[in-house]
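Any read-out appearing in this document is the output of simple, stated calculations on the displayed coordinates, not a laboratory observation. This structure is a prediction, so every number in the text was calculated from the model and none was measured. Cβ placement follows ideal geometry from the backbone for every residue including glycine, while neighbour counts extend to all protein chains displayed.
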Amino acid sequence: MAPEAIAQAIAAGDVQGANGRALAGAYDYIVVGSGSAGSAVARRVLDGTDATVLVIEAGGPDVGVPEIDIPSAWVANIGSSRDWGYVYTPTDKVNDRSILLSRGKVLGGSSSINALVWLRGHPQDYDGWAASGAEGWDWESVLPVLRRMEDWEDGASPLRGAGGPTRVERARDLHPVAQALITSGQALGMPLIDDFNGPSMLGVGPNSMNVRDGTRDSASRAYLRPVMDSPRLTVLTGATVTRLVLEGTTCTGVEMLVAGRPVTVRAEAEVVLSAGAIDTPRLMMLSGLGRADELKALGIAPVADLPGVGRNLQEHIILGGMIHEANAPMEPFNANLEGSTFFSKSRGDLALPDLMFVSIQIPYLMPELAAANPVPPNAFTIAPGLVGMQSRGYMKMLSDRHDGPLEIQPNLLGEPADMDALVAAVELGQELAQQPGFRDLIRSPVVPKPGMTRAQKEEFVRMSCSTYFHPVGTCRMGTDAEAVVAPDLKVHGIGRLRIADASVIPNITGANTNVPSILVGERAGDFITG
């Protein structure tokens, strides 16, 4: 379509947003991505200014989708049309297996398809961000924002917030599998944690979940839905941004495909990239912002040499899984198929817990293990995870096309310390299974079997290694040569462009990453509105 025809289509209102607003040719702010951070920054800009805002989402609407609404149905989103369905590149460390990376492709992004766990991480995580060069992101600075984000069921306290956009509640009516994790953890001497967003996460207890009236309270529902009628907001779904428009070193808009048609929209103030830890660096590279030698090799003219784009990829590991046959028919699923969490340490000298266990009400086993270990229908999972891993990876494009292949390499098990920690996690998982609680539920272990040697435990880790779908860090903030954005989230050397999503996180938190991602969006809104 010629540029004149595109302009005519926009002027005639032929391109409609999800909230019924016709697409205009220019907005004050353009937010690319409606996920955890994108929804938050869009709302804060609307609330704090009189600006117009365009939110662009590649996926579809989130209304009337039971798999989104019902907490226990979240796994049905994996592999669906609401999932980008990325794959981590195989390595010999995981026996050359391709490992799925699920990312939300729907209004609300991954907050619409994830497991609904609302965990901030440790105060020391944020102090570590500040120490690494992200000045102003220390715990004392971010706590007021974390509190204002939430509407905690117990009300406000020095650590918790009330009246915020997102409703947060404990898992209720714990499934026997969830209660067994709590009982068994306590039998091992771990404290009962009533609130993992309280003073300490070391221990076992019920999950905190972003749920309102039994329904998922995603970022789009918490932040965008209440303002969908605003005449200053346009939410465009089914639109894929393919490139940033740069005039010299100033970002002035975006190019996108809408129903297969190329459309350019101008940003009078700023573009905010909130496309996530995979697609934000991809859009940067497509626009000539990245490692200059790699861009040239793809035939992309470099605009700014930003060597940190796509580097520093970090991901939490989960083992799928430690499967047990139950000694009685299982009760129906509830909560988020989990309901409780157990944080522990792989070594006694660690300052913070590096292991995160969940018990899952269904079998969760990697296909390669399932082929050799038939799983009975009446089975459940104890799933150890590593949230304090040492390995770092990268992502890069393999062609200059916006939909071209990617190499997404988290380097899972790349550091020997990570293998050591996960072997300790397997041993702790087997010990948990022998405690009162799980012992009363289990008929027999399916996989792994008791009595494994160290070598067999390592092989089990390699074969069961998967991830929590928590990629972060690929456009990290800081002030050194590898940093992509400054602490105010402005891209180094490029005017009118910010990044607000998990890609800016310099070091992954010791828990789920949805809350830190929303935090980034909230703070981006603060920086923009002053």
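A few remarks follow.
- A Förster radius of 41 Å combined with the Cβ-Cβ distance from Asp173 to Ala301 puts the calculated FRET efficiency at roughly 0.10.
- Largest first, the extents of the alpha carbon coordinates of the stretch 205-350 on the three principal axes equal 65, 46, 31 Å.
- Whole-number percent relative contact order across the chain, with pairs defined as alpha carbons under 8 Å at least 6 apart: 21
- Only DSSP H runs of four or more residues enter the estimate; each adds -39500 (n - 2.57), and after division by the residues of the chain the mean residue ellipticity at 222 nm equals -7000 deg cm²/dmol.
- Distance from the C-alpha centroid of the stretch 88-156 to that of the stretch 33-68: 18 Å, rounded to the whole angstrom.
- Rounded to 10°, Cα long-axis angle of helix 454-464 versus longest principal axis of the chain: 40
- Model label zone, Ala328; criterion: amide N under 20 Å from point 7 Å along Cα-to-beta-carbon; scope the stretch 169-187: 173-185
- Using Cβ point charges alone (K and R +1, D and E -1), the dipole size of the chain about the Cα centre works out to roughly 460 debye.
- Label corresponding to Cα extents along the principal axes in Å when calculated from the structure given, among (i) 53, 52, 41; (ii) 70, 49, 42; (iii) 148, 62, 52: (ii)
- Glu140 paired with Thr249, simple spin-label distance in nm, labels 7 Å along Cα-to-beta-carbon: 3.4
- Couplings 3J(HN,Hα) for the stretch 285-301, derived from phi with the Karplus relation 6.51 cos²θ - 1.76 cosθ + 1.60 (θ = phi - 60°), are 5, 4, 9, x, 10, x, 6, 4, 5, 5, 5, 4, 5, 8, x, 9, 6 Hz, where x marks Gly and Pro.
- Among 474-484, 218-228, 130-140, the peptide with the highest mean count of other Cβ atoms within 10 Å heads the list, and the full ranking is 218-228, 474-484, 130-140.
- Each other residue within a Cβ distance under 15 Å of Gly155 adds +1 if Lys or Arg and -1 if Asp or Glu, for a net charge of -2.
- Label-zone membership for the stretch 358-393, site Glu294, 7 angstrom Cα→C-beta point, backbone N under 12 Å: 393
- When the Cα gyration tensor is reduced to axis lengths a ≥ b ≥ c, the ratio a/c is 1.5 or higher for the stretch 74-145, and with a/b not above b/c it is classed as oblate.
- Shape class of the stretch 377-489 from the alpha-carbon gyration tensor: prolate, with a/c at 1.5 or above and a/b greater than b/c.
- Burial ranking of peptide ranges 507-520, 412-425 (average Cβ count within 10 Å, highest at the top): 507-520, 412-425
- When only alpha carbons are used to place a centre, the stretch 324-350 and the stretch 448-524 end up 24 Å from one another.
- Full-stretch length increase - Thr215, Asp526 - with 0.36 nm per residue and alpha-carbon distance subtracted: 109.1 nm
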